[in-house]
Amino acid sequence: MSSEKGLSVYDESSIKGAEGLKFGIVVADWNPQITHTLFEGAKTTLSRHGVAEEDIVITQVPGTFELPMGAKLLLGNKKLDAVICLGCVIKGDTDHDVYINQAVAAGLTQLGLLSNTPCIFGVLTTNNEQQAIDRAGGKYGNKGVEAAVTALRMALLKKSLSVKPGKIGY
Ligand code: DLZ
């Protein structure tokens, strides 16, 4: 595996049994040229692993800050095995990026633990636009692909641990 491309280059045969699982994808509309590329990578990856089109629920939110609420609304509406949250926060002149990124990371962590459903942090937190381009189909791969791989692995982990072992003996 190339260390530069991270999980964007992975062993596809290591992910088995995703057919029938249901996923949500929440996409932020800020920096749309980036987030929509992350989305394409995530959706294509789910499909490549046998997730049916009708088992992928997609919703858009205004900005990355709205991702936790978008994911919560989706989880309240549909039974999902994981939610992939995609956004791109590019550093500006102020600390807005820090507040957004910390709030979203904490929000998705909390939502995942409370809902018992993996909520994947597919947010680029870059210093400039070029760093974002490099991670949305550029020289460092597509982090949307990586977010989908993480969602698939976590959904499969949850499924495997949800099966109650049969009772042996009395
Ligand atoms: C306000 C804002 C700024 C300045 N920058 C970004 C950004 O780089 N990426 C992003 O996804 N969203 C940004 N936003 C919008 C916030 O995420 C949010 O939508 C607004 O603060 C309203 O809650």
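The values are calculated or read from the model by the stated rules, or taken from the named source; none is laboratory data. Since the structure is predicted, the reported quantities are computational estimates derived from the model, not experimental observations. Neighbour counts run over all protein chains shown; Cβ positions are idealised from the backbone, glycine included. Side chains are part of the model used for accessible areas, which takes the heavy atoms of the whole protein and leaves out ligands, DNA and RNA. Shrake-Rupley method; radii C 1.70, N 1.55, O 1.52, S 1.80 Å.
Scan region 45-57 and give yes if some residue there is open to solvent by less than 60 Å² (accessible area, probe 1.4 Å) and closer than 26 Å to Asn127 by Cα, otherwise no. Checked region 45-57: no residue is open to solvent by less than 60 Å² (accessible area, probe 1.4 Å) and closer than 26 Å to Asn127 by Cα. Take the residues in region 8-55 that are free of Cβ contacts under 8 Å to residues at least 40 places away in the same chain and in contact with a Ser or Thr (Cβ under 8 Å, 6 or more places away or on another chain), then tell me which one is farthest from the ligand (Cβ to nearest atom). The extreme case among them is Glu53. Among the residues of region 104-119, the ones that are within 16 Å of the ligand (Cβ to nearest atom) and without any contact (Cβ under 8 Å) to a residue 24 or more places away in the chain come to 2 in all. Take Glu54 and tell me if it is within 18 Å of Ala148 (Cα to Cα) and not in a loop (DSSP other than H, G, I, E, B). Judged against the criteria, Glu54 is a match. Scanning region 89-103 for residues being hydrophobic (A, V, I, L, M, F, W, C) and more than 6 Å from the ligand (Cβ to nearest atom) gives a total of 2.
Got at least one residue in region 156-166 being within 17 Å of the chain's Cα centre (by Cα) and within 20 Å of Leu38 (Cα to Cα)? No, there is no match, as no residue in region 156-166 is within 17 Å of the chain's Cα centre (by Cα) and within 20 Å of Leu38 (Cα to Cα).
Could you tell me whether Gly122 is in contact (Cβ under 8 Å) with a residue 60 or more places away in the chain, open to solvent by less than 20 Å² (accessible area, probe 1.4 Å) and outside any helix (DSSP H, G or I)? Answer is yes for this residue.
Conditions (1) open to solvent by less than 60 Å² (accessible area, probe 1.4 Å); (2) of a type in the set (Val, Ile, Thr); (3) part of a loop (DSSP other than H, G, I, E, B); (4) within 17 Å of Val27 (Cβ to Cβ), marked per residue:
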residue: Met69; (1), (2), (3), (4): no, no, no, yes
residue: Leu75; (1), (2), (3), (4): yes, no, no, yes
residue: Cys88; (1), (2), (3), (4): yes, no, no, yes
residue: Asp93; (1), (2), (3), (4): no, no, yes, no
residue: Leu108; (1), (2), (3), (4): yes, no, no, yes
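For region 97-106, which residues satisfy the criterion of being within 27 Å of Ile15 (Cβ to Cβ) and open to solvent by 20 Å² or more (accessible area, probe 1.4 Å)? Of everything in region 97-106, just one residue is within 27 Å of Ile15 (Cβ to Cβ) and open to solvent by 20 Å² or more (accessible area, probe 1.4 Å), namely Ala105.
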